[in-house]
Amino acid sequence: MSKRKTPGLNTSSMSDISFLLLAFFLMVSSINTDMGLARRLPPPLPPNQKPPDVKERNIFIVKINSKDRVLFNGEIGDVSMLKDRAKEFLGNPNMDPNLPEKQDVYIPGFGGNYPVSKGVISLQNDRGTSYDMYFRVNNELAAAINELRNDLSNEKFQKNYVDITEDQRKAIDMAIPIAISEAEPAKVGGE
């Protein structure tokens, strides 16, 4: 009896096919892991220029401590109240002397001057702050600015901010700038 050898499989092209399939799936798949905040940084100051002084009344300090507690100007608050507090601060509708000053700025799309707030929101967080709370606070601040812009857009152009032209949007952006300053993470009190 002679033993017959079983023929082997020709697998020389198997690696080519595997590589092609891998390349195909990498090209047609999308991996949505983008988590971030869309912010445009101001241009850097010239080396011989010092930063401008900001009056205390023009600063709204928001702190997030390591236990995810939010403080507004030293008072413990709830993140759900942040949007309304930021809108009141930046808008200063009643010209409250404890809220930010306003400066008349010529805005081309408005056909004249408009009182622009000098208010700045200073956001500070602890190194132990959770990502979730950090994003919730940033979303509330962005929502406050977006609502102020939408209200002004409806007042000036009778349309929502998303429906106006690019030139009108630039005018609204000049009237209500994004004025959020973020400090390096540090130890934040308010336990």
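Annotations
- Within the range 106-128, the set of residues being within 25 Å of the chain's Cα centre (by Cα) and of a type in the set (F, W, Y) comprises Y114 only.
- Taking the range 95-106 as the range and being under 16 Å from I61 (Cβ atoms) and open to solvent by 80 Å² or more (accessible area, probe 1.4 Å) as the test, only N98 passes.
- Within the range 116-144, the residues that satisfy the criterion of being of a type in the set (V, I, T) and under 15 Å from V62 (Cα atoms) are V120, I121, T129, V137.
- The one condition in (1) modelled with pLDDT of 90 or more; (2) touching a Pro at 6+ places or on another chain (Cβ under 9 Å); (3) open to solvent by 30 Å² or more (accessible area, probe 1.4 Å) that I145 fails to fulfil: (3)
- Unique residue being without any contact (Cβ under 8 Å) to a residue 60 or more places away in the chain and either of a type in the set (A, V, I, L, M, F, W, C) or open to solvent by less than 40 Å² (accessible area, probe 1.4 Å) (or both) when the list is N92, N160, N150: N92
- Qualifying residues in the range 107-132 (those that are surrounded by fewer than 11 Cβ atoms within 10 Å (Cβ to Cβ) and either of a type in the set (S, T, Y) or not in a helix (DSSP H, G or I) (or both)) - the one modelled with the lowest pLDDT: G111
- Boolean, R136 is among the basic types (K, R), part of a loop (DSSP other than H, G, I, E, B) and within 21 Å of I64 (Cβ to Cβ): no
- One residue alone among S130, S117 is of a type in the set (S, T, N, Q) and over 20 Å from S80 (Cβ atoms), and that residue is S117.
- One residue stands out among those in the range 45-67 that are surrounded by 13 or more Cβ atoms within 10 Å (Cβ to Cβ) and in a loop (DSSP other than H, G, I, E, B): the one that is modelled with the lowest pLDDT, which is V54.
- E155 being over 24 Å from D53 (Cβ atoms), open to solvent by 70 Å² or more (accessible area, probe 1.4 Å) and not in a strand (DSSP E or B): yes
- Extreme residue, farthest from P185 (Cα to Cα), among residues of the range 68-83 that are under 21 Å from the mean Cα position of the chain (by Cα) and open to solvent by less than 70 Å² (accessible area, probe 1.4 Å): K83
The values are calculated or read from the model by the stated rules, or taken from the named source; none is laboratory data. Computed from a predicted model, the values in this text were never measured in an experiment. Here the Cβ is made from the backbone with ideal geometry for all residues, glycine too, and neighbour counts use every protein chain on show. Quick note on the areas: whole protein, heavy atoms, side chains included, nothing else; ligands and nucleic acids left out. Shrake-Rupley method; radii C 1.70, N 1.55, O 1.52, S 1.80 Å.
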